[in-house]
Amino acid sequence: MPQHLIGVDIGGTSVRVAIAPVEDLKSFQKLKQDTAKTDPDGLSRQVIAMIDELVAKQKVAIKDIKAISIATAGPIDAEKGEIFNNANLGFKIIPLKAPILKRFPSIQVNIINDCRSAVLGVHCFEAKPDEKDNMGYVTISTGIGGGFIVNGHLVLGKEGNASEVGHGVIGSKSGVRCNCGAEGCWEAFCSGWSVAKHAVNAIEADPGSGKELLDLVKGDKSRITAKDVYEAARKGDKLAQSIVDQATYYNAIGLGLINNFYDPKVIYIGGSMLKDEQQILPPLRELFEKRTIEFTINHPPLLKKTTLGDEVGLLGALALGKYKIEKNQVISAFK
């Protein structure tokens, strides 16, 4: 029986678990469920049950599984194998590594932040050879996060939480609060929830505005989503377009800071907001081309949309297991 790897991708909405032969990771089989938020141990119980179900369905022996690699929304304590202070998973501390090791004591268990995992997925499956040594991945979705490879090495930090770019403050004293509690985070201007919130606030400030946007939600502003804002902007709604323009501007600030800090050749961008790719990437490229010095002192990076879609974190978890087996230098700092 060939050796297999298990990858897990934990988000605030769903949990994905995949199994794949080491030699052909793209032929993975997966399960997907809504994220368990019943109690602090509910998530580990869910992951264990999903692994058990998947292994049984694929008729893979436990002895043939080389690693279980878990990509999760953070922050994480990589040494303890715990999630802490996550605003979307329901509990202050969520243990993962210890209970999963208890169930599978013969299998190596790895835990990594989901965006650091995603950049490994892009590195393994998508990036061109001349991009691999200096590259980044940024997700713009419910939240904003990032992962970066610099000079051929994954950037991790003391606990595995380096590159929490979404909580970089780009609008201090703006009065704009993030879900994390801080003021002026990148995520508070450009994530899905924040784009919708800014649109609602603008309508409340000017009740006669946003007609096309309100038409999309049948007049109920509480139903407005980021998708609606971008659609209304395409239809010529001036209020919606102003919110989209604001998001573009703050995305350029965030990406410019990343470029100043890490100097990547390319930044791959993913997440649910990229469903409106044409309203996001071309304007960003234009800002970096025509107004470079406003956003970065370095030469701007290439900006690309990842082709890996929603599977980027899951593929990254599988790639982490593969790279551990191969002793790939890109994860030399990973313990």
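Structure notes:
- Note on the stretch 136-177: residues that are assigned to a strand (DSSP E or B) and basic (K, R) amount to 1.
- Those residues of the stretch 141-184 which are in contact with a Ser or Thr (Cβ under 9 Å, 6 or more places away or on another chain) and of a type in the set (A, V, I, L, M, F, W, C), in sequence order: I144, F148, L154, V155, L156, V176, C178
- Test: residue in the stretch 225-232 that is surrounded by fewer than 17 Cβ atoms within 10 Å (Cβ to Cβ), at pLDDT 95 or above, over 29 Å from A127 (Cα atoms) and assigned by TED's automatic domain parsing to the domain that holds I149: yes
- Taking the stretch 263-297 as the range and being under 19 Å from V119 (Cβ atoms) and not in a helix (DSSP H, G or I) as the test, the residues that pass are D263, P264, K265, V266, I267, Y268, I269, G270, G271.
- Identity of the residue in the stretch 59-85, of a type in the set (S, T, N, Q) and buried (at least 20 other Cβ atoms within 10 Å of the Cβ), that ends up farthest from I107 (Cα to Cα): T72
- Looking at the stretch 18-84, the strands (runs of 3 or more DSSP E) lying wholly inside it that each contain 3 or more residues that are at pLDDT 95 or above sit at 29-34, 65-72.
- Residue, nearest to the chain's Cα centre (by Cα), within the stretch 226-279, restricted to residues that are of a type in the set (D, E) and within 26 Å of P129 (Cα to Cα): E277
- Against the numbered list (1) surrounded by 21 or more Cβ atoms within 10 Å (Cβ to Cβ); (2) more than 30 Å from A196 (Cβ to Cβ), I140 comes up short only at (2).
- Of the residues making up the stretch 295-324, those that are within 16 Å of G254 (Cβ to Cβ) and without any contact (Cβ under 8 Å) to a residue 40 or more places away in the chain are I297, N298.
- Tally of residues being among the charged types (D, E, K, R) and under 17 Å from T225 (Cβ atoms) across the stretch 179-213: 4
- Of the residues making up the stretch 272-300, those that are touching an Asp or Glu at 6+ places or on another chain (Cβ under 9 Å) and within 19 Å of F148 (Cα to Cα) are N298, H299, P300.
- Number of the condition not met by C180 [criteria: (1) in contact with a His (Cβ under 8 Å, 6 or more places away or on another chain); (2) more than 27 Å from P75 (Cβ to Cβ); (3) not in a helix (DSSP H, G or I)]: (2)
- Of all residues in the stretch 298-311, those that are in a loop (DSSP other than H, G, I, E, B) and surrounded by fewer than 20 Cβ atoms within 10 Å (Cβ to Cβ) total 4.
The values are calculated or read from the model by the stated rules, or taken from the named source; none is laboratory data. Since this is a predicted model, take the numbers as computed values, not measurements. Neighbour counts are summed over all protein chains in view; Cβ atoms, including those assigned to glycine, are modelled from backbone coordinates with ideal geometry.
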